[in-house]
Amino acid sequence: MNRISPIKHLALIFVAVAMVLSACTPAATSEPQTIEITKIVAGTPVVEQVVVTATPLPEATAAPKPTGKITLWGWKAALDTIKGGVLDDFKNEYPDIEVEIVELSTNDLYQKLLLAISAGTGAPDISVIENSHLAQYVDLGGLTDLTDRVTPYLDKMNQYKWHDAQMDGKYYAMPWDSGPVVLYYRRDVFKAAGLPDDPDGVSQAIATWDDYLNACKTIKEKTHADCFALNKANNYGRLYEMMLWQQGLGYYNEQGEITADSPENIATLEKMVEFWDAGVVSDQQEWTDGWYAELGSNETPIASIVEAAWMGVFLKTFIAPGTAGNWGVALMPAVKAGQVRSANDGGSTMVIPAQSENPDAAWAFIEFALGREESQLKMFAISDFIPSLETTYSNAMFIEPDSFFGGQVTRKVYTEVVKQIPQAYVYGPNYTLMNGFISTAVQKVAAGQMSATDALKEAAEAIRLQTGTD
Amino acid sequence: MTSKLNFPRLLNDILLYGLLIGVSIFMILPFFWMLSTSLKDADEIFRIPPILISSHSNLKAYLYLAQEYNIFGVLKNTFVIASLATAAQLVFCSLGGYGFAKFKFPGKTALFGFLLGTMIIPFTIIMVPLFFIMRDLNWIDKFQPLIIPSAANAFGIFFMRQYISSIEDELMDAARIDGASEFGIYRRIILPIILPGLTSLGLIFFMSSWNSFLWPLIILKSQENFTLPLVIRSMIGPVGRTVYDVQMAASIISIIPLLIIFLVFQRRFVEGITAGAVKG
Amino acid sequence: MLESDVLSPSRKSPAPPRSHLWRDIVKARWPYLFVSPFYLFFLAFGLYPVAFSIYLSFTQWKGNGPIRFIGLNNYSLLLHDNVFWQSMLNGVLLFFIYVPIMTLLALVLAVILNSRRVRGFKLFRTLIFMPYITNMVAAGFTFQILLNEKYGLLNYLFGIFHLPAVPWLESVWGARISLGLLVTWAWLGYNMIIMLAGLQTIPNELNEAALIDGANPQQAFFLVTIPLLRPVILFSVVLSTMGSFNLFTEGFALFSGSRGHGPVNSAITPLIAIYEQAFGNFKFGYASAMSYVYFAIIFALTLLQVRYFGRED
């Protein structure tokens, strides 16, 4: 763990005192700033004035580049991307900053981070955190306030990403990538079923979930293929969450009240149940071999899958390389005609734990990696994870056709979709807890044990009880 | 024995052997499957019909383990922890057992009763506070928590006390008359005699530490500090395939050392686990 | 060979004067030294955690920040915690699923092996005991492969016998049975061995005496051997009961996809629930309260079992 030698300790105190003294000069006063942000609320874009309390940075007169050593925690996929796309460039730009990379599994990382924060020692300077878990750590405390640093990026990133990063008007994370949800479909299966097989045709024909249900029935009838995988016994609730997200709903609302059993939430679940009732879905569980098999099969394929953009990469690379050319990307169906055809699943951010002794160097890295177009583009080239930094979308990479998808310019679809992602209330400080209860509720409904209404009410009550004392 | 073929007896024998063989197959099958899966290529694992033994069995999974997962380091970790834990436990439990078995001292019954009573406390209750104690001692992600807290455990002392009780007092009295120190008596007289018992107990402790999962899961965080069960579990992939062949290879590696030890020390092993049950 | 205490207060004789007591204590400094490590360790790693967790159970704490005292809130919340009570129910169900069968099977196997009729005693004993030395993580993941609904060996064998494929890990009861299978596989050998040991302590003469007295072999077995085996059988059943609640690794590995919950929470065990509250949801006070309620129930159950079983004499 971090043991500081007494001399270093004194030096730090000296520096701290110097900084405090210099900050006391009458020049710097903090004023609230007003920024315009465009949010999607209930399907329509809404321009909001957001007041941000930011302390302006002290006069940046040829500020010396930060130096020192920083540790970065992340999981394998994230770190591989960083190592391949950013690390060398960063070293060139900031030769005096040494970056130590520590790889952990996501589970271990979250625990170790919690541990370090509560122990007051041992936290890294930077940690990658998935959006689903971010609010839990913001709520926990122990993260550095990044408000003043991220202010220039507030309108450059996908808007919805900031929701989980902020608390009481302050921001604690920098967005990295987003997970815009689309409809991946098999061209060959759709064609065999007599449905349109070009992306625009599919997007038009399958404009709502009801349209999707009808299409699934047609597909089943004409080709015997299952429409998509929707596991019953071990359902994680992911599809359900995507359907909630696109409506701007979630497990709670703006006021913090639990909405898991609201009429809209119930109706959404019932809509999903219709697919089970119609017998058009397969019972494969995500990330199991049966699931991989049907996605990668040419003889007995699954007709489609609704998932985030990173699924496209996985299909291409290791799940279904043998099906190249047979896939297309269409817009996710809307719940009601004319409503939002976009949601989020996944995505990550970076944070600086408050314990960091070198927040300037840490921020230098984060800004370099995530705020700088070139870095995001390089990482994108490696991982295909859609950057949250919208200014990258004008790059030529995003208009390249993809032969795996029959020559479609898929990235353009992703970037258009990602800008439509509405503000939703799925992720939050208690996401894992809520997801646990809701998943059980979905499983119960799937097993025929309870109606959607009863199951969601039961889950919502449990959530209220469990979080009420929080 | 009459040479007449005795049908009821034959049928009886067939049933008995059938049952024994059937159960034995059930017991062995998972091991066999572990081994055969570890030798398969990744895409041979989930096939209909299941492949019993792959025609091109290979050691790729094991190589992968050595290169990517540092399996020898993990093996070493597991071995070091189990050895140290066992050594510590044997020392303290034999000392404690000796003290209770062969000495009179004020409050002995109460103290021993208290010791027995502590065996009721399940790990679940102390799990959380113990974790924070380890955190405050800065022992998270280190080996100490897996060795020290359980070093003097009630079961071991109980076992040793039973075992040592049967040693004749005269041996010790004679030694004392000869001027030996108490500790010397323990070292030179008691220890050699109880060696079989120590072996039995040691085997139990060793195996328990080797196979333990929950507490190491809570304490160990960095890949380089993992024990075998932890590394097996770390191979479940949320995204991407769970590398079953590699996982099974790691499983085989986690079992073989214990298997060898068990086969060599079978008698002691059995002695150890039956001691608590039969003597009561 | 419990030596009776020199200073037992239950003795009618008056307690020796203080000076003798002190002298005895000083004289006994060696045994005190020998047994003290246990108490020291227990103080630090046993008593203190117990006290702290009792305290924690009345608080709310995230592991970071202040510890908030909230009285009995955790316990009242626990009353409504479906997941926890489901886990306790799962323990009960699991008990009935595997304990009777496993105990009986262990007994039968022990008897068979104990009778001198069967050859290959050592071989069978070794083979049947081997699963006991396996770590449950490896075992759990192996069973995942074997019990796979589509590709698993077990359903394939079922298919050969024209039996339908069973959703072992994908249905509520299938999950429970799968867990029972895993646990049986792991502990059958152990239970068989302790019953074997018990059988071997019963002198043959008793059985022969019964036979001479006119009993047939079955009667001799049931009326002589079994009653004498009662302590061992009780021991086995008590251990198995504690086992069916104490599971963590088995369910955690077998149902790794749902972090040990199983379909619709059919496989979650109390330990998994407690672990999740503590290290998943960071609710350390609540987890402590849960562990105490769990302990109380198990303790009562075990007491009842020993009382009931022991009374039939």
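The values are calculated or read from the model by the stated rules, or taken from the named source; none is laboratory data. None of the values given here were measured: they were computed from a predicted structure. Ideal geometry is used to build each Cβ from the backbone, glycine not excepted, and the neighbour counts take in all protein chains shown. To get the accessible areas, we keep the full protein, side chains included, count just its heavy atoms, and leave off ligands, DNA and RNA. Shrake-Rupley method; radii C 1.70, N 1.55, O 1.52, S 1.80 Å.
Using bins of 10 Å that start at zero, the share of Cα-Cα pairs per bin across segment C:23-164 amounts to 8, 14, 21, 22, 20, 12, 2, 1, 0, in whole %.
Remark: the Cα gyration tensor places the protein assembly as shown in the oblate category, a/c being 1.5 or greater and a/b not exceeding b/c. Here each label is just a point 7 Å from Cα along the line to Cβ, and for A:T67 and B:F26 those points are 7.1 nm apart. For the pair A:F318 and B:S166, a Förster radius of 51 Å applied to the C-beta separation gives a FRET efficiency near 0.20, rounded to the nearest 0.05. Summing both sides, the accessible surface hidden between C and B at a 1.4 Å probe radius is close to 8900 Å². Interface burial in segment C:220-267 reaches 20 Å² or more for C:V232, C:F235, C:F248, C:T249, C:F252, C:S256, C:G257, C:S258, C:R259, C:P263, C:V264, C:N265, comparing the full protein assembly with the chain by itself; accessible area from heavy atoms with a 1.4 Å probe.
Calculation over all alpha carbon pairs of segment B:159-206 in 10 angstrom steps from 0 returns a P(r) of 25, 50, 21, 4 percent. Placing +1 on the Cβ of every Lys and Arg and -1 on the Cβ of every Asp and Glu, with nothing else charged, gives chain A a dipole about its Cα centre of roughly 280 debye. Over segment A:58-190, accessible surface divided per residue gives 34 Å², non-protein components excluded, 1.4 Å probe. The mean count of C-beta atoms from other chains within 10 Å of the C-beta of residues in B:181-187, rounded to a whole number, is 2. Per-residue ellipticity at 222 nm from helix content only, as computed over chain A with -39500 (n - 2.57) for each DSSP H run of at least four residues, stands at -12000 deg cm²/dmol. Placing unit charges on the Cβ atoms of the charged side chains and taking the dipole of segment A:152-287 about its Cα centre, the candidate lying farthest along the positive direction among A:F190, A:V280, A:G179 is A:F190. Over chain B, DSSP H runs of length four or greater, each weighted -39,500 (n - 2.57), average out per residue to a 222 nm ellipticity of -22500 deg cm²/dmol. Where in chain C are the DSSP H helices whose alpha-carbon span along the long axis reaches 27 Å or more and whose Kyte-Doolittle mean is at least 0.5? Those that clear 27 Å and a mean of 0.5 are C:82-114, C:172-201, C:226-245, C:284-311. Quick one: which of A:K232/A:K444; A:K191/A:K271; B:K60/B:K142; A:K69/A:K378; A:K232/A:K271; A:K83/B:K76 span more than 20 angstrom between C-alpha atoms? Over 20 Å apart, Cα to Cα: A:K191/A:K271; B:K60/B:K142; A:K69/A:K378; A:K83/B:K76.
Placing unit charges on the Cβ atoms only, positive for Lys and Arg and negative for Asp and Glu, gives chain C a dipole magnitude near 700 debye about its Cα centre. Averaged over the residues of B:103-116, the number of partner chain Cβ atoms lying within 10 Å of the residue Cβ comes to 6. Ranked from largest, the principal axis spans of the Cα set of segment B:154-280 equal 71, 28, 25 Å.
Rounded, prolate or oblate: which one fits segment A:355-470, using the alpha carbon gyration tensor with axes a ≥ b ≥ c (rounded when a/c is under 1.5, else prolate when a/b beats b/c, else oblate)? Oblate shape, in that a/c is at least 1.5 and b/c is the bigger or equal ratio. For a label point 7 Å from the Cα of A:N253 along Cα→C-beta, name the residues of segment A:411-450 whose backbone N is under 15 Å from it. Only A:424-426 pass the distance filter. The residues of segment A:235-345 present an accessible area of 33 Å² per residue when probed at 1.4 Å with all protein chains retained. Seen against the Cα atoms of chain A and their longest principal axis, helix A:209-223 is set at about 50 degrees. The charge dipole of segment A:406-470, taken about its Cα centre with unit charges on the Cβ of Lys, Arg, Asp and Glu (plus for the first two, minus for the last two), comes to roughly 340 debye. Considering only B:M172, A:T323, C:A253, and ranking their Cα positions along the charge dipole of the protein assembly as shown that arises from unit charges at the beta-carbon of Lys, Arg, Asp and Glu, the one farthest toward the positive end is B:M172.
With the charge dipole of the protein assembly as shown set up from +1 on Lys and Arg Cβ and -1 on Asp and Glu Cβ about the Cα centre, the Cα lying farthest toward the positive end among the listed residues A:N214, C:S291, B:Y17 is that of B:Y17. Round to a whole number: what % of the accessible area of segment A:354-440 belongs to carbon and sulfur, probe 1.4 Å? The nonpolar share, carbon plus sulfur, comes to 50 percent. The C-alpha atoms of chain B define a longest principal axis, and helix B:108-117 lies at about 20 degrees to it.
Above 17 Å, the calculated P(r) of segment A:325-408 contains 65 percent of its Cα-Cα pairs. Taking each residue as 0.36 nm, the span from C:F96 to C:Q219 lengthens on full extension beyond its C-alpha to C-alpha distance by 41.5 nm. Axis of helix A:76-85 versus longest Cα principal axis of chain A: the two differ by about 60°, to the nearest ten degrees.
Modelled spin labels at A:H163 and C:L228, positioned 7 Å past Cα toward Cβ, are 7.4 nm from each other.
Can you classify chain C as rounded, prolate or oblate using the Cα gyration tensor, where a ≥ b ≥ c are the square roots of its eigenvalues, rounded means a/c under 1.5, and otherwise it's prolate if a/b beats b/c and oblate if not? Oblate. Buried surface between chains A and B: roughly 1600 Å² of accessible area, summed over both sides, computed with a 1.4 Å probe on protein heavy atoms only. Shown here are the Rg and Dmax of the Cα trace of chain B, at 24.3, 77 Å. Spherically averaged projected area of the convex hull of Cα atoms, chain A: 23.1 nm². DSSP bridge analysis restricted to chain A gives an antiparallel fraction near 75%, rounded to the nearest 5. Mean partner shielding of peptide B:88-100, defined as the number of other chain Cβ atoms within 10 Å of each residue Cβ, is 4. Beta bridges assigned by DSSP with both partners in the protein assembly as shown are antiparallel in approximately 75 percent of cases.
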